[in-house]
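The values are calculated or read from the model by the stated rules, or taken from the named source; none is laboratory data. Worth saying up front: this structure is predicted, and the values here are computed from it rather than measured. All Cβ positions, even for glycine, are placed from backbone atoms using ideal geometry, and neighbour counts span all protein chains on display. Accessible surface is based on the protein model in full, side chains and every heavy atom, while ligands, DNA and RNA are left aside. Shrake-Rupley method; radii C 1.70, N 1.55, O 1.52, S 1.80 Å.
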Amino acid sequence: MVTMDNPAELLALAVSVARSASDLANRMRAAGVDAVATKSTATDVVTAADRAVEQLVRDELHKSRPGDAVLGEEYGGGQDQTAVRWILDPIDGTVNYLYDLPQYAVSLAAEVDGVVVAGVVRNAATGREWTATRGGGAFCGPRRLRASTETDLGQALVGTGFGYAAERRRHQARVLGGLIGHIRDIRRLGAASIDLCLVAEGTLDAYYEKGLNPWDHAAGGLVAAEAGALVTGLDGNPPGLDMVVAAPPSLHQPLHDLLSKLDAAGGP
């Protein structure tokens, strides 16, 4: 049984569990995606694999740390008053998973007394794995990560994502229309946790998105922050449902100010 609450030990458990979860997701993908249902809208899908992977993670965590709380995308929870809470997205990028596009991940973070201290994001399709501990740096495998050194927003490659509801997407499209002339280009890969890790390694210069839940950004946000990115909301708010902005300090302020001017955190 894992008994200590130090970040390195929590990360080791998270990595082990995420690898098992990724293996299950891949086996179920190879067998064919089935039992597709919807959640908030007709385009917000959930598969049998989402639920099976989340249950596997919950079971594995309970074996090692039976007293911890777990907040997961599919089964909720995580409201118990415990020192350690795990924050889980069993398959971040479910639409990619459904269409067999190789950008979907198991995202698992450990939060101690309300602060995320360890996280892993594992691209289940490729096996690429990003990890971080608070104060211990961010890594992809053995390689320590550093966010982009770009200083000109006009040369920045920026990632984003869109919501499931049509009205929210329309608002996000208007924001993007106001932004696109001020940056190099935009990328939309479909998995927020992976986007944040790409900011950590400098593959994306920056990233922003409205509508992210804790399981979407807990692990990836820590990876990005430990690689030197600023991960915030807009106008002094923490990252959350209204907005997540991740960028190195040289790009964060100009991107933040433009997104604020465009009311990126507003709309439906």
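Couple of notes before you dig in:
- Pairing each residue of the stretch 239-268 that is closer than 16 Å to Arg168 by Cα with any residue that is buried (at least 20 other Cβ atoms within 10 Å of the Cβ) and basic (Lys, Arg), provided the two are 6+ apart or on different chains, yields C-beta distances under 7 Å for Asp242/Lys210; Met243/Lys210; Ala264/Lys210; Ala265/Lys210.
- Qualifying residue in the stretch 109-129 (condition: touching an Asp or Glu at 6+ places or on another chain (Cβ under 9 Å) and among the hydroxyl-bearing types (Ser, Thr, Tyr)): no
- All of (1) buried (at least 24 other Cβ atoms within 10 Å of the Cβ); (2) among the hydroxyl-bearing types (Ser, Thr, Tyr); (3) out of contact with any Phe, Trp or Tyr (no Cβ under 9 Å at 6 or more places or on another chain) hold for Ser193 with one exception: (3).
- Screening Ala83 with (1) surrounded by fewer than 24 Cβ atoms within 10 Å (Cβ to Cβ); (2) in contact with a helix residue (DSSP H, G or I) (Cβ under 8 Å, 6 or more places away or on another chain) gives one miss only, at (2).
- The residues of the stretch 67-85 that are assigned to a loop (DSSP other than H, G, I, E, B), without any contact (Cβ under 8 Å) to a residue 60 or more places away in the chain and within 18 Å of the chain's Cα centre (by Cα), listed by number, are Glu74, Tyr75, Gly78.
- Which listed residue, of Ala125, Ala69, Ala138, Ala105, is in contact with a Pro (Cβ under 9 Å, 6 or more places away or on another chain), of a type in the set (Gly, Ala, Ser) and surrounded by 17 or more Cβ atoms within 10 Å (Cβ to Cβ): Ala125
- Test: residue in the stretch 28-45 that is part of a helix (DSSP H, G or I) and touching a residue at least 60 places away in the same chain (Cβ under 8 Å): yes
- Residue in the stretch 70-84 that is modelled with pLDDT of 95 or more and of a type in the set (S, T, N, Q) present: no
- Ala264 being under 17 Å from Glu150 (Cβ atoms), among the aliphatic types (A, V, I, L, M) and open to solvent by less than 30 Å² (accessible area, probe 1.4 Å): no
- Search result, residues across the stretch 33-52 that are open to solvent by 80 Å² or more (accessible area, probe 1.4 Å) and modelled with pLDDT of 75 or more: Ser40, Arg51
- Restricting the stretch 173-188 to residues that are over 20 Å from Pro239 (Cα atoms) and in a loop (DSSP other than H, G, I, E, B), the residue that is least open to solvent (accessible area, probe 1.4 Å): Ile183
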